[in-house]
Amino acid sequence: MRPVSIPMVLVALILTGCKPPPTPVQTPPPAPKPVVQKPVDIAVESWKEFVADARSECEKNPTCTLDYEKMHEHDGRYFGITVIGYKESECYFDLYRFDSKSDKWIRSPVGAAELNEVIDVQATSKRWEVPEATIQQWIDQADKTVKEIYSKRQ
């Protein structure tokens, strides 16, 4: 038997239709896609921080409680309402708009009513381009919830 050279083996394989296995090509793993936060995610996280800060400030006064907080979305923009109550006193409603440029919550215009500042629904509606009925619905929802909370405390 005569020794067969390696090139002859390759020629024989190619002529018979057999091909040597391809050399594996190592491809780099795909680059990870950058994590892009959606505006709602940014607003939600910011609202959580805002409420936590408000709660922390309120807890410094033993008569103060943050009784209600809720974030709302309207036409792709984000708003939040809080109700802070004081034992043996009144509660205060505040409405905020999330400013995505500054990542801050901006307080709504307020008016005076019997020495207390209250949300000026008409001015807020005009400035923030949100229907008065929508703003009033947010306030009414907060008011109803807070009244239920207060009735259970009695």
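The values are calculated or read from the model by the stated rules, or taken from the named source; none is laboratory data. Just so you know, these numbers come straight off a predicted model, no measurement behind them. Here the Cβ is made from the backbone with ideal geometry for all residues, glycine too, and neighbour counts use every protein chain on show.
Okay, here's what the table says:
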quantity	calculated
Tally of residues being under 26 Å from the mean Cα position of the chain (by Cα), surrounded by fewer than 13 Cβ atoms within 10 Å (Cβ to Cβ) and not in a helix (DSSP H, G or I) across segment 108-130	1
Residues that are hydroxyl-bearing (S, T, Y) and at pLDDT 95 or above, drawn from segment 74-98	Y78, T82, Y96
Residues located in segment 64-74, provided they are within 21 Å of R127 (Cα to Cα) and free of Cβ contacts under 8 Å to residues at least 40 places away in the same chain	M71, E73
Residue satisfying all of: in segment 75-107; buried (at least 20 other Cβ atoms within 10 Å of the Cβ) and of a type in the set (A, V, I, L, M, F, W, C); nearest to E129 (Cα to Cα) among these	F79
Single unsatisfied condition, Q37 versus (1) at pLDDT 90 or above; (2) closer than 30 Å to Q137 by Cβ	(1)
Residues of segment 69-110 satisfying the condition of being hydroxyl-bearing (S, T, Y) and in contact with an Asp or Glu (Cβ under 9 Å, 6 or more places away or on another chain)	T82, Y92, S108
Positions within segment 99-154 being over 15 Å from I81 (Cα atoms), in contact with a strand residue (DSSP E or B) (Cβ under 9 Å, 6 or more places away or on another chain) and of a type in the set (G, A, S), in sequence order	S100, G111, A112, A123
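Per-residue answers, yes or no, for (1) closer than 26 Å to K38 by Cβ; (2) without any contact (Cβ under 8 Å) to a residue 12 or more places away in the chain:
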residue: K87; (1), (2): no, no
residue: D99; (1), (2): yes, yes
residue: S108; (1), (2): yes, no
residue: R153; (1), (2): no, yes
